[in-house]
Amino acid sequence: MTETSTPPAEILHYAVDITAADVESLRAFLYQRIDALLIQTPDADPMTRALRALEALASSAVGSAEWYLEQLAAGVEPDSPLWLSRVHGLRSAWSELVSAAQQWSDEPGFNAYRWREVETDPKRAALHHLQEAERRAALSSQRTAEQA
């Protein structure tokens, strides 16, 4: 996980590649949209409550993502159960932020290359795809045997 002030330009595929800059840029994008709507909405309006709820959920997800990034940067042994747990936590927090931001995916400033759902890490993704291919092959063999 790289610490940079601006998110990398490459397409984000894996949770292990999320940076603090990714989290911050996504937070800023969300808060800018929420604040713009709050300014237009009277305090007593139910929309204000919904926007405040979204703001609280986004704040929680940002805090979680930042915590997981800090923990992973602190030197957790890669591929250990603790490391995997923290990468899964980061992926979960990231997914929450991405889900909220996708509501504004058609607006300028939305970073479709970085703000997307991600796999945990390349090795686990490759293993998952291999297991999926083996499962499909076994099902196909089973169907062929049943038809014979």
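Throughout, read-outs are computed from the coordinates displayed, never taken from laboratory work. This is a predicted model, so every value here is computed, not measured. Backbone-built Cβ (ideal geometry, glycine too); neighbour counts: all protein chains shown.
The table below lists the values:
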| item | result |
| --- | --- |
| Segments 11-21, 111-121, 97-107, 137-147 sorted - mean Cβ within 10 Å per residue, highest first | 11-21, 111-121, 97-107, 137-147 |
| Region 45-148, relative contact order in percent, only Cα pairs under 8 angstrom and at least six apart counted | 22 percent |
| Rounded tilt (10° steps) of 20-40 against the dominant C-alpha axis of the chain | 50 degrees |
| Residues with amide H under 5 Å from that of residue 111, placed H, sequence gap 5 or more | none |
| Unit charges on C-beta of K, R, D, E only; dipole of region 22-88, Debye | 220 debye |
| Folded to 0 to 90 degrees: helix 46-73 orientation relative to the chain principal axis, Cα | 60 degrees |
| Summed side-chain charge close to residue 111 - residues other than residue 111 whose Cβ falls under 15 Å, Lys, Arg +1, Asp, Glu -1 | -3 |
| Cα long-axis angle, helix 122-147 against the chain (0 to 90 degrees, to the nearest 10) | 50 degrees |
| Listed values [x] 1.34; [y] 1.84; [z] 1.04, entry calculated as Cα Rg over 2.2 N^0.38 Å | [x] |
